[in-house]
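J.: Quick one: structure below, then a few questions.
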Amino acid sequence: MECSGRPVWNKYTGGELGKLTVAAPDEAARKQVLKNWDGIAKPIDSMGRFEALTAQIGGIIGSDRIDISRKAVVILCADNGIVEEKISQSGQEVTAAIARAMARKRASVCRMAAGIGADTIPVDIGMNSREAIEGVLDRKVRPGTRNFRREPAMTEEEAVRAIATGIDMVYTCKEQGYTILATGEAGIGNTTTSSAVTAALLGCDVDQVTGRGAGLCDEGLARKRQVIAEAIEKYGLKSAAPLSVLAAVGGLDIAGLAGVCIGGAICRVPIVLDGVISMAAALLAERLVPGTAAYLLPSHKGKEPASERLTRALGMEPVIDGRLALGEGTGAVMMLALLDMALRVYNGRTAFMDLQIEPYRRYP
């Protein structure tokens with residue numbers, strides 16, 4: 001599907017979401033990028049994973065001429081009602097504080113992005129605050145989710161609206177000339193929601209995918225795991241449809257990020273994933289619209305225990321293994337920098353004849 005039929009983000013329906021399909025990336029373009037790499041004056045496959053990743057980008061955009069100079073990080077900010085259960089060190093007021101820092105370009109991700117010429121686009125998709133923050137795009141679906149220990153986090157209609165918001169962000173960014181996007185988020189309690197979504201979608205034990213988040217003590221971690229396990233049992237989520245899982249225990253940031261992933265597949269814009277929150281959203285996106293994962297690039301293997309299971313489920317192999325846990329899109333920005341460097345080699349195209357040496361041969 002080409003980048004057409006743009007959804008009206010605040011009027012989108014589950015029926016429309018269920019009809020979305022995506023075509024496979026352009027295989028001829030992918031192979032041509034790999035062939036071009038073989039013509040560059042270096043040993044065969046010596047740029048390792050970056051040859052495959054840049055070839056993936058070629059397949060996504062449908063061309064072996066790759067330009068990712070217009071980069072942006074789309075950062076979905078939202079609060080989670082489950083923080084009432086003391087599953088986090090911080091309260092919801094911290095989400096707004098981070099968003100204000102992003103608006104002033106003082107947050108960690110903003111400083112990192114500025115260093116590689118990437119823009120940061122913070123979006124209020126569901127902060128529990130009435131404050132209008134200049135520099136933060138207002139796409140609020142609702143003021144935070146509900147406490148899923150007591151009731152579903154959101155209605156399916158709200159979940160679909162949040163997904164549509166993410167899709168719409170990709171349309172907007174493509175219209176503005178961005179050629180690659182990274183995912184980011186801010187929201188206290190979202191390692192709880194992402195762990196719940198992951199455990200439900202993969203049908204695995206809660207303890208295997210739930211970590212300490214921003215630094216819980218042993219007692220806090222035990223409470224966090226119990227809250228998630230109870231909710232999965234309460235709502236029967238191990239056999240539930242992906243959208244039902246999202247609505248019951250997910251977050252508005254996860255929903256929006258899933259929409260960014262789907263939007264990338266529809267509009268043929270490569271999406272670089274950040275850590276465990278983005279990876280949970282990516283798995284959700286793939287379950288909702290099969291084929292989406294082919295348009296997503298991993299960045300890093302995060303510290304949260306869900307990271308490894310999510311990368312396996314998505315068939316991805318993150319490049320960076322630095323035990324990062326900052327969020328905001330910081331790991332994805334690091335990946336953008338690495339892709340930039342790899343593409344300097346690719347687009348420079350120093351040929352063997354330029355160095356007056358014999359080409360290396362590829363043997364079966």
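J.: Measuring from centroid to centroid over Cα atoms, what is the spacing of region 86-165 and region 309-364 in Å?
T.: Taking the Cα centre of region 309-364 as reference, the centre of region 86-165 is 30 Å away.
J.: To make sure I understand the rule: partners must be lysines, Cα under 23 Å from the Cα of Lys42, and not fewer than 8 residues away in the same chain. Which ones qualify?
T.: Within the straight-line cut-off, Lys42 pairs with Lys31.
J.: Students often forget the sequence filter, so: which lysines lie under 16 Å Cα-Cα from Lys224 once same-chain residues fewer than 8 apart are removed?
T.: Lys86, Lys234
J.: Ignoring everything except DSSP H segments at least 4 long, calculate the 222 nm mean residue ellipticity for the chain; use -39,500 (n - 2.57) per segment, divide by total residues, nearest 500.
T.: Rounded to the nearest 500, the figure is -14500 deg cm²/dmol.
J.: Using all alpha carbons of region 212-297, what is the percent of pairwise distances in each 10 Å bin, ordered from the shortest bin to the longest?
T.: Calculated P(r), rounded to whole percents: 17, 40, 30, 12, 1.
J.: Rank Val33, Ala285, Gly213 by how far each Cα sits towards the positive end of the charge dipole of the chain (+1 on Lys, Arg Cβ; -1 on Asp, Glu Cβ) and give me just the farthest.
T.: It is Val33, whose Cα lies furthest towards the positive end.
J.: Taking the DSSP beta bridges in the chain as the whole, what percent of them are antiparallel, to the nearest 5?
T.: Roughly 5 percent of the DSSP beta bridges within the chain come out antiparallel.
J.: Further question: Using a Debye calculation, one point per C-alpha and no hydration shell, please list log10 I(q)/I(0) for region 120-250 at q = 0.12, 0.15, 0.16 Å⁻¹ in order.
T.: Those come out to -0.53, -0.80, -0.89, one per q.
J.: Could you name the lysines whose alpha carbon sits less than 19 Å from that of Lys105, not counting residues in the same chain fewer than 8 places away?
T.: Within reach: Lys71.
J.: Then there's this: Which far-off residues, 5 or more places away or on another chain, put their amide H under 5 Å from the one on Glu328, with H placed in the peptide plane?
T.: Glu185
J.: Now for a separate question. Mind checking the dipole of region 211-364: about its Cα centre, +1 per Lys or Arg Cβ, -1 per Asp or Glu Cβ, Debye to the nearest 20?
T.: Roughly 280 debye, rounded to the nearest 20.
J.: Viscosity 0.890 mPa s, temperature 25 °C: what is the translational diffusion coefficient of the chain from Stokes-Einstein with a Kirkwood Rh over Cα pairs, rounded to a whole number of µm²/s?
T.: 120 µm²/s
J.: Now, a different point. Taking θ = phi - 60°, what integer Hz values does the Karplus form 6.51 cos²θ - 1.76 cosθ + 1.60 yield along region 60-66, in sequence order, with x for Gly and Pro?
T.: Per residue, the Karplus-derived 3J(HN,Hα) values read 5, 7, x, 7, 8, 9, 9 Hz.
J.: For Phe148, enumerate residues with amide H under 5 Å from its amide H, sequence gap 5+ or separate chain, H modeled in the peptide plane.
T.: Ile82
J.: Then there's this: Run the numbers for Ala222 and Ala52: contour at 0.36 nm per residue of separation, minus the present Cα-Cα distance, in nm.
T.: Answer, rounded to one decimal: 57.1 nm.
J.: Among residues other than Asp218 whose Cβ falls under 15 Å from its Cβ, what is the net charge (Lys/Arg +1, Asp/Glu -1)?
T.: Local charge sum for Asp218: +3.
J.: Mind checking the dipole of region 71-340: about its Cα centre, +1 per Lys or Arg Cβ, -1 per Asp or Glu Cβ, Debye to the nearest 20?
T.: Dipole about the Cα centre, nearest 20: 180 debye.
J.: Can you give the FRET efficiency for Gln176 and Tyr363, using 1/(1 + (r/R0)^6), R0 = 45 Å, r = Cβ-Cβ distance, to the nearest 0.05?
T.: Given R0 = 45 Å and the Cβ-Cβ separation, E is 0.50.
J.: If you don't mind, there's one more thing I want to ask. Simple spin-label model, 7 Å along Cα-to-Cβ: Ala132 to Arg106 in nm?
T.: 2.2 nm
Read-outs: derived from the displayed coordinates by stated rules, not from any lab. From a predicted model like this one, the values you see are computed outputs, not experimental measurements. Glycine also receives a Cβ, built like all others from the backbone with ideal geometry; neighbour counts cover every protein chain displayed.
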